Amino acid sequence: AAQPADKIQLQAPLELTVETIDEISRERRTLVLASGDPLFFGIGRRLVELLGRERLHVLPNISTVQYLFARLAEPWEDAVVLSLHGRGEAVADSSSWLQVVREHAKVAIYTDPQNTPGKIAELLLAAGLSECTLAVGEDLGTPAEKVGLFTLEEAQARGFSRLNVVVVLRPALSRAAVDQPSP
């Protein structure tokens, strides 16, 4: 059944919407509905900064990254999680995230319309990291959900849903490879 509450859709720039939430929440009880864990690369950080911890009661769900690793049946306590979401074109010029990929077997990356799985694959190839595999989760938790493993070339040539998350897998750095005895 439809709820009688006023509804405000989050829009860019997010600061204006958060200011509106601040104003409304001073007069009435306010709910901000977000997917996943809002305090893990989500809107929660901005709400804490603007409203203060004492005004928030957070009820998290599992994060998109946690969901993708579960769908892959891949342990992820050794994973590093990065966000390229909202970083714009500067990512192509930044080598910091590529250095993280060089140093870790599993790197989960939150994407956006500029920093797509194809763009990530292109930059990994340009950096000489061609042995990487991309796991891409699209529309996770919806009827249109897809999870696939791709070579960098496959990911570069393919289109993906706008709602996606990527895990870069480096088999050469996996725990199994590290645990192999030396000859």
request  = Under 8 Å between Cβ atoms, at least 6 apart or on separate chains: pull out the pairs that start in region 63-75 with a residue that is free of Cβ contacts under 8 Å to residues at least 24 places away in the same chain and farther than 12 Å from E145 by Cβ and end on any residue that is hydrophobic (A, V, I, L, M, F, W, C) and in a helix (DSSP H, G or I).
outcome  = P75/F69
task = Could you please tell me which pairs satisfy a Cβ distance under 7 Å, a separation of 6+ or placement on different chains, a first residue in region 119-139 that is part of a helix (DSSP H, G or I), and a second residue that is open to solvent by 30 Å² or more (accessible area, probe 1.4 Å) and not polar (S, T, N, Q)?
result = L123/A92
query = So which residues in region 32-48 are out of contact with any Gly (no Cβ under 8 Å at 6 or more places or on another chain) and either farther than 25 Å from L163 by Cβ or surrounded by 11 or more Cβ atoms within 10 Å (Cβ to Cβ) (or both)?
reply = V32, L39, F40, F41, I43, G44, R45, R46, L47, V48
task = Starting from residues that are in a loop (DSSP other than H, G, I, E, B) and more than 21 Å from L140 (Cα to Cα), keep the ones in region 10-31 and report whichever is most open to solvent (accessible area, probe 1.4 Å).
result = R29
query = Of the conditions (1) without any contact (Cβ under 8 Å) to a residue 24 or more places away in the chain; (2) of a type in the set (D, E); (3) not in a loop (DSSP other than H, G, I, E, B), D6 fails just one. Which one is it?
reply = (3)
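For region 35-72, how many residues are under 17 Å from E19 (Cβ atoms) and within 14 Å of the chain's Cα centre (by Cα)?
Of the residues in region 35-72, the ones under 17 Å from E19 (Cβ atoms) are 43-52, 55-56.
Now narrow it down to the ones that are within 14 Å of the chain's Cα centre (by Cα): 43.
Qualifying residue count for the region: 1.
The values are calculated or read from the model by the stated rules, or taken from the named source; none is laboratory data. If you're wondering where the values come from, they're calculated on a predicted model, not measured in any experiment. All Cβ positions, even for glycine, are placed from backbone atoms using ideal geometry, and neighbour counts span all protein chains on display. Heads up: the accessible areas ignore ligands, DNA and RNA and are worked out on the full protein's heavy atoms, side chains in. Shrake-Rupley method; radii C 1.70, N 1.55, O 1.52, S 1.80 Å.
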